[in-house]
Amino acid sequence: MLQGRRTWIFDKPPVIVGTGTVVGPDEGEGPLASDFDLVHPDMTIQQPSWEKAERLMLEQASDIALSKAALSKDKINFYVGGDLINQIISSTFAARTLGAPYLGVFGACSTSMESLALAALLVSTGAARYAMAGTSSHNCTAEKQFRYPTEYGSQKPPTAQYTVTGAGAAVVAAEGDGPRITSATIGRIMDLGLKDPFDMGSAMAPAAVDTIQAHLQETGRDPGYYDMIVTGDLASVGHPIAADLLKRHGVPIAETQFNDCGLLVYDIAKQTVQAGGSGCACSATVAYGHLLKRISKGELKRLLVVATGALLSPLSFQQGESIPCIAHAVSIES
């Protein structure tokens, strides 16, 4: 099952039997609006705080995924989830509502594929019959924690990204109808010394490149094996850097569609989202919503999702630390 140093090949590929995606108003005005299960017209979702709104979205995404999988909550053996808020409280409180045995994980914005890879591993090895992977983010919770509260109205440079308000969940089973998870490559920490929290795309690009290279080398595949390779949230600054680095390293990335969830989720020419989308929900909602629907329609047969994450905190930034980054890759096939 282990191939190379950090790639899992699933001999009995687990199946994604149900997904749920919930987003906020900005995402509902973007080009992928019709691919999400639930679009909320306001950021508060009639909750008394941004944090409670984020938690509710994750609970709703989990319920939708269970409904599509035709499963009750008590059938989930393990819930694997995380988010951006301190102590991953959105996932913890959502897991409290779900009532399933819980594994909390943190990979910043890479949490979507980190949780999916671990859920697939649990099911593939027989450690679980059903596992759920889930994650969320909210523009206002992220701004309040990592930068300035939204009410402050601070200006941001064009390299900054806009945290996606949303949540995504997927139910993984040993068998059933749906796309198969065939392999996963776990990322390693990459840190090139960048310190600007308003330019995370540049910081994360080397991590994405490192994981893509490792995945291709350890699986013996060329980029052309996939109909699309999509990064998590490098956006308009980091994605061209990643493409250039891959070319410099001799990876023929032009053999496939190379895209980014942070560029897909918004119309950056028309929406005020700076360089594009970011946040845990960026890759989760785009992958579980838009991209899996394209697989179900036959438009894509083989997809590699490379979710990226910047592992900084307000404390580490204030202490002058650079930004460690990571990327996790999961291959999904029809």
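The values are calculated or read from the model by the stated rules, or taken from the named source; none is laboratory data. Just so it is clear, the structure is predicted and the values come from calculations on it, not from any experiment. So basically every Cβ, Gly included, is an ideal-geometry build from the backbone, and we count neighbours across all protein chains shown. The protein model used for the area step is the full one, side chains on, heavy atoms only, and it has no ligands, DNA or RNA in it. Shrake-Rupley method; radii C 1.70, N 1.55, O 1.52, S 1.80 Å.
With an 8 Å cut-off on Cα pairs and a minimum separation of 6 or more residues, tell me the relative contact order of region 60-206 in percent.
Working: 216 pairs, mean separation 35.5, N = 147.
Here the relative contact order equals 24 percent.
Return a whole-number percent for the relative contact order of the chain, with Cα pairs under 8 Å and 6 or more residues apart as the contact set.
Details: 895 pairs, mean separation 82.6, N = 334.
It comes to 25 percent, rounded to a whole number.
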> In percent, how large is the relative contact order of region 129-283, given Cα pairs closer than 8 Å and 6 or more residues apart?
Replying inline: 30 percent
> Quick one: net charge of M228's neighbours, Cβ under 12 Å, K/R +1, D/E -1?
Replying inline: -2
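Classify region 178-306 as rounded, prolate or oblate from the Cα gyration tensor: take a ≥ b ≥ c as the square roots of its eigenvalues, call it rounded if a/c is under 1.5, otherwise prolate when a/b beats b/c and oblate if not.
oblate
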> Carbon-plus-sulfur fraction of the accessible area of the chain, 1.4 Å probe, in percent?
Replying inline: 51 percent
> Along the Cα-to-C-beta direction of D191, a point sits 7 Å from the Cα; which residues of region 95-131 have their amide N less than 13 Å from that point?
Replying inline: none
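Quick check on my link table: of K52/K73; K12/K293; K156/K270; K144/K293, which ones sit more than 27 Å apart, alpha carbon to alpha carbon? Present the calculation step by step, with values, prior to reporting the outcome.
Values: K52/K73 21 Å; K12/K293 23 Å; K156/K270 17 Å; K144/K293 33 Å.
Listed pairs above 27 Å: K144/K293.
When Rg is the radius of gyration of the Cα atoms in region 125-221 and Rh is its Kirkwood radius, what does Rg/Rh come to?
Values: Rg = 18.2 Å, Rh = 17.1 Å.
Rg/Rh for region 125-221 comes to 1.07.
Please work out the average accessible area per residue across region 214-334, using the 1.4 Å probe convention, and give it in Å².
Details: 4400 Å² over 121 residues.
For region 214-334, the solvent-accessible area averages 36 Å² per residue.
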> Which net charge results when you count Lys and Arg as +1 and Asp and Glu as -1 among the other residues whose beta-carbon is under 15 Å from that of I9?
Replying inline: +3
>> Can you give me the solvent accessible area of K144 with a 1.4 Å probe, rounded to the nearest 10 Å²?
In response: 100 Å²
>> Only Cα pairs within less than 10 Å get springs; with that Gaussian network setup on the chain, which residue of G166, G99, G309 has the largest fluctuation?
In response: G99
> Just one of (i) 32, 22, 20; (ii) 26, 25, 18; (iii) 53, 23, 17 is semi-axes √(5λ) of the Cα gyration tensor in Å calculated from these coordinates, so which is it?
Replying inline: (ii)
> Under Stokes-Einstein, with the Kirkwood radius over Cα pairs standing in for Rh, what whole-number D in µm²/s applies to region 278-334 at 20 °C and 1.002 mPa s?
Replying inline: 163 µm²/s
> Around T285, with a cut-off of 9 angstrom between Cβ atoms, what is the net charge of the other residues, counting Lys and Arg +1 and Asp and Glu -1?
Replying inline: -2
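Report, in deg cm²/dmol and to the nearest 500, the calculated mean residue ellipticity at 222 nm for the chain, where each DSSP H run with n ≥ 4 adds -39500 (n - 2.57) and the sum is divided by the residue count.
Numbers: 11 runs with 110 residues, N = 334.
Theoretical 222 nm ellipticity from helices: -9500 deg cm²/dmol.
Quickly rank 25-38, 82-95, 127-140, 251-264 as a protection proxy: mean count of other C-beta atoms within 10 Å, highest first. Before the final figure, lay out the partial values.
Working: 25-38: 18.6, 82-95: 22.4, 127-140: 27.6, 251-264: 20.6.
The most tightly packed comes first, giving 127-140, 82-95, 251-264, 25-38.
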> What percent antiparallel are the DSSP beta bridges of the chain, to the nearest 5?
Replying inline: 65 percent
